[in-house]
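Structure record follows, encoded as C-alpha cells.
The values are calculated or read from the model by the stated rules, or taken from the named source; none is laboratory data. Computed from a predicted structure; not experimentally measured. Glycine gets a Cβ as well: all are built from the backbone with ideal geometry, and neighbour counts include every protein chain shown.
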Amino acid sequence: MTKRQLTLPVPLIDVNRCTGCGLCVRVCPTNALIMRDGIAIVANPQACIYAGHCERIYPVQAISRPFQIMLSREEENSVKSMFYPDWQEKVVFSPGGPQPQILAENEKLKVIIGSLEVGQKIPAHPEALAVYHFLEGTGWMIVDDERYPVRPGATVITAEGAKRGVEAETRLVFLATRIA
C-alpha cells in the first residue's frame, strides 16, 4: 500500500477584516504567512500544514479554512475477502512461546490466530479495542486484573487501552481481532 500526498486547504484571509496585527504570522509554524502592505497573506501555500494556530489567534476572525472533503479509494481502507476452509491449518504451536499468525491486516484492523501450549502465557499488556474468540482448549483471559475462564465458544471484548493477557490450561487456540 502506498501513501498518497495530501493537499491541505490553505487558510483564507478576509482582507476586509484583517487589522494588520501580525499575530497570525508570528504563530505560523511553517512561515506560510507573511505581512505585505499591512495585511497578512498566504505567501507560501505549499508549506502550510494548517495547524490552525493562525485561525485560533486571530482576534477578528479574519482567517478561516475552507471545508474539504477527502476521498480515498476503497482498497486503501479495506481488507480483501479471504476464506480459510480449516483454521487448524493456520495454527502454530511452539514450545518456545506463542507464534501468532496474521490472517488479515490493514491500518484499522488486524486479525490473528493465536495458540498456546499447556502452561504458556501471554503477559497482560495494553492494546487497542479487540475481540477474542476462543476456538479450542481451556484457560484464562485476564482483562485489567479480572480473570475470565475461557473454553471453545467463549468471546471476550476488551476496551481500548485495557491490559489483557491469556493463560493456557490446555492447548488453547483463539482468534483475536484488533480494531484501531
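Is it the case that Arg151 is surrounded by 17 or more Cβ atoms within 10 Å (Cβ to Cβ) and closer than 22 Å to Lys90 by Cβ? Working first, answer last.
Values: surrounded by 17 or more Cβ atoms within 10 Å (Cβ to Cβ): no; closer than 22 Å to Lys90 by Cβ: yes.
No.
Every condition in (1) in the same structural domain as Ile122 (by TED's automatic domain parsing); (2) at pLDDT 90 or above holds for Met35 except the one numbered (1). Exactly one residue out of Ala130, Ala176 is small (Gly, Ala, Ser), in a strand (DSSP E or B), touching a residue at least 60 places away in the same chain (Cβ under 8 Å) and surrounded by 15 or more Cβ atoms within 10 Å (Cβ to Cβ), and it is Ala176. Whenever a residue of region 94-106 is in the same structural domain as Phe174 (by TED's automatic domain parsing) and part of a loop (DSSP other than H, G, I, E, B), its partners that are among the polar types (S, T, N, Q) and loosely packed, with under 14 Cβ neighbours inside 10 Å, lying with C-beta atoms within less than 8 angstrom and at least six residues away or across chains, give the pairs Asn106/Asn77; Asn106/Ser78.
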